[in-house]
1. In segment 195-209, is there at least one residue being touching a residue at least 60 places away in the same chain (Cβ under 8 Å), closer than 22 Å to Y45 by Cβ, of a type outside the set (G, A, S) and away from the ligand (no atom under 16 Å from the Cβ)?
2. Out of all the residues in segment 192-206, which are surrounded by fewer than 21 Cβ atoms within 10 Å (Cβ to Cβ) and either more than 20 Å from A147 (Cα to Cα) or touching a strand residue (DSSP E or B) at 6+ places or on another chain (Cβ under 7 Å) (or both)?
3. Can you tell me which residue in segment 114-171 is nearest to the chain's Cα centre (by Cα), limited to those that are part of a strand (DSSP E or B), of a type in the set (A, V, I, L, M) and within 17 Å of S195 (Cβ to Cβ)?
Amino acid sequence: MALISPDFTFSHQQLADLDLNAFAPSFANLPPDPYVKGDFRFRRYSRYTGPALSRLPYDDFVQSRSINYLSGDIPREFAEIEPTLTELAEFQHLFAQVNGFFGLDPARAVYGVHQIRITCSGADHGLPVPEGIHQDGFDLIAIACIARNNVDGAETGIFYHPQDEPAYSATLFPGDIVYCNDRRVYHYTSALQVSSAGVCGYRDVFVITVTLKDEQWKNSILQPASSLSDSSFQPLGV
Ligand SMILES: [Fe+2]
């Protein structure tokens, strides 16, 4: 299994043979994200590595302010992902598909798994990424949609440059997964709102970040032509 080319940019695929309902109990048990204003984002976070998928000691999640002007340089401490989720065959199967697409040897990668629910109700829109168009600050990422319930919107865009029109945009439905080279492209997901009034809506995703231990791969990638200043990152639609 060969590691994906450094020239790879992004790809929208579908997960195969996954019982997405198996993830539902753990998404229903996510605690609020204490780092956003408003009660619309719920999340857990853990890190893993291979060869078997084993959880690494907890480390706060920190992004550089150069890529996250809202929460950058702030160590964020999230609740750990529940062991019962990690032990699920579907969780292992999800990882196998991510590894298969990227050609990853799990022993040569460190994964961050963000389990996130965004909710909306009435006039309260959920905003998946308040920081706007961004990179996560890793080598590769995968965004897997696990559930959408009574939700409109939440369109995912991929950008070669954060000030350009999207190179690609799509609504991710349950079972859809977008793979990105986080060194080459930027991503964003727009606000979501309820499709039927009177009932709350939610969108569940896993965001899997990958840090490669393969320096040759990293070094073969030129950084984006525009290394942006903080002020270039502006929230959209807020
Ligand atoms: Fe992101």
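The values are calculated or read from the model by the stated rules, or taken from the named source; none is laboratory data. The shown structure was predicted, so the numbers you read here are calculated from the model rather than taken from an experiment. Glycine also receives a Cβ, built like all others from the backbone with ideal geometry; neighbour counts cover every protein chain displayed.
1. Within segment 195-209, one or more residues are touching a residue at least 60 places away in the same chain (Cβ under 8 Å), closer than 22 Å to Y45 by Cβ, of a type outside the set (G, A, S) and away from the ligand (no atom under 16 Å from the Cβ).
2. Answer for segment 192-206, where residues must be surrounded by fewer than 21 Cβ atoms within 10 Å (Cβ to Cβ) and either more than 20 Å from A147 (Cα to Cα) or touching a strand residue (DSSP E or B) at 6+ places or on another chain (Cβ under 7 Å) (or both): Q193, S195, C200.
3. Only one residue fits best here, namely I118.
Here is a yes/no grid of residues against (1) modelled with pLDDT of 85 or more; (2) surrounded by fewer than 17 Cβ atoms within 10 Å (Cβ to Cβ):
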| residue | (1), (2) |
| --- | --- |
| D19 | yes, yes |
| S26 | yes, no |
| P31 | yes, yes |
| P34 | yes, yes |
| R43 | yes, no |
| T49 | yes, no |
| D59 | no, yes |
| V62 | no, yes |
| P75 | no, yes |
